Every structure is written in C-alpha cells, then in structure tokens.
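First comes the structure, then the notes that go with it.
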C-alpha cells in the first residue's frame, strides 16, 4: 500500500506541532503511525485497529526502532465509543484507506469527531473511484464523506491529492 500512498507526502499537507496528540484509525501495521510519531517528537500517537496480528507487528517494530510515543489499541471503531479514547483528547485523527473496507462509515467519522478537541482535524484518505489499482468494491466518493461530515458539524478545510490513486480530505471540528 505504501507504494501507492506516501505517508510522508500526506503528512506534509498538515500543520503538525511537535506536541500534538493524534490517532491513526485502522492503522494496520502502522503505515502512518510511525512517520507521524517521528514528527510528533513531544506528542503521542494512538495506533488503533481491530486486527491483532498487524498490531503485534507494530508493537515489535516500535520496540526495535525505539519509538516510545505510540500507544497501541485493539478496538472496533464501528462501535459506539469504539476507539476507547476520551472525548476532546486529540488534535488529529487520520483515517487512511479505512472507509472503503467498513460497513458503518458514519460510525468511524462520528467517533473521530467525538475524540477531537475543538479545532482538531480529521484527515480522510481513500481510493479514488477512477484508480486503476486498489480494491474493486467499497470505494467511496469524496462527496459522500463530505456529506457525512457536514451532517455532524465538521467543516471541510481542504482537499488534496494523496498520490496517484488516492484523495485526501481535511475536516475541522468546530
């Protein structure tokens, strides 16, 4: 997946501060969690996924690379309060390549909003409908995500190209 999507280039699109508290929803083995943790030197990154195997790999890699500001959480983000995080506790939530895989897309956006501080950002990255690579089913149009986000009071701040096959949307919690 990293050959299609460059986390560093995506993170360059964001106004990161060294002490931010962030989460990668649906982190897998940490495609964004690692580069984010390295940038947030005085901050913290929650790596959240439902699958144990990639989380174990992520933990091992963090130990090997001596990255101490990642916290791993195994959780179902489609359930109410699924992240297990406290309300208003995060500055940033990344949702990369997750929405096309899940049934309850709204629940994930709602959970991201719940854990964000006022002024916090949600970054959604997903497959373009026109991409020649990637999954055949489940792709979601940016317009659908914008509609979901608007319904729950998130404000679209910016759209960007997240590589050849992906789009990115940045929302802010008002």
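Do we have any residue at all in the stretch 161-168 that's in contact (Cβ under 8 Å) with a residue 40 or more places away in the chain, surrounded by fewer than 15 Cβ atoms within 10 Å (Cβ to Cβ), over 17 Å from the mean Cα position of the chain (by Cα) and outside any strand (DSSP E or B)? The answer is yes; a qualifying residue exists. Here the stretch 111-147 is the region considered, the condition is being touching a residue at least 24 places away in the same chain (Cβ under 8 Å), surrounded by fewer than 20 Cβ atoms within 10 Å (Cβ to Cβ) and over 23 Å from residue 4 (Cα atoms), and the residue that is nearest to the chain's Cα centre (by Cα) is 113. A single member of 77, 94, 36 is modelled with pLDDT of 95 or more, in contact with a helix residue (DSSP H, G or I) (Cβ under 9 Å, 6 or more places away or on another chain), assigned to a helix (DSSP H, G or I) and within 22 Å of residue 145 (Cβ to Cβ), and it is 36.
Of 30, 43, 26, all but one fail to be surrounded by fewer than 22 Cβ atoms within 10 Å (Cβ to Cβ) and closer than 24 Å to residue 116 by Cβ; the exception is 43. Put simply, of 73, 95 the only residue that is on the phi < 0 side of the Ramachandran plot and free of Cβ contacts under 8 Å to residues at least 40 places away in the same chain is 73.
Checking each residue in the stretch 113-135 for being touching a helix residue (DSSP H, G or I) at 6+ places or on another chain (Cβ under 9 Å) and closer than 29 Å to residue 18 by Cβ picks out 113, 120, 122, 123, 124, 125, 126.
The values are calculated or read from the model by the stated rules, or taken from the named source; none is laboratory data. Given the structure is predicted, the values throughout are model-derived calculations rather than measurements. Cβ coordinates were reconstructed from backbone atoms using ideal geometry, including for glycine residues, and neighbour counts include every protein chain displayed.
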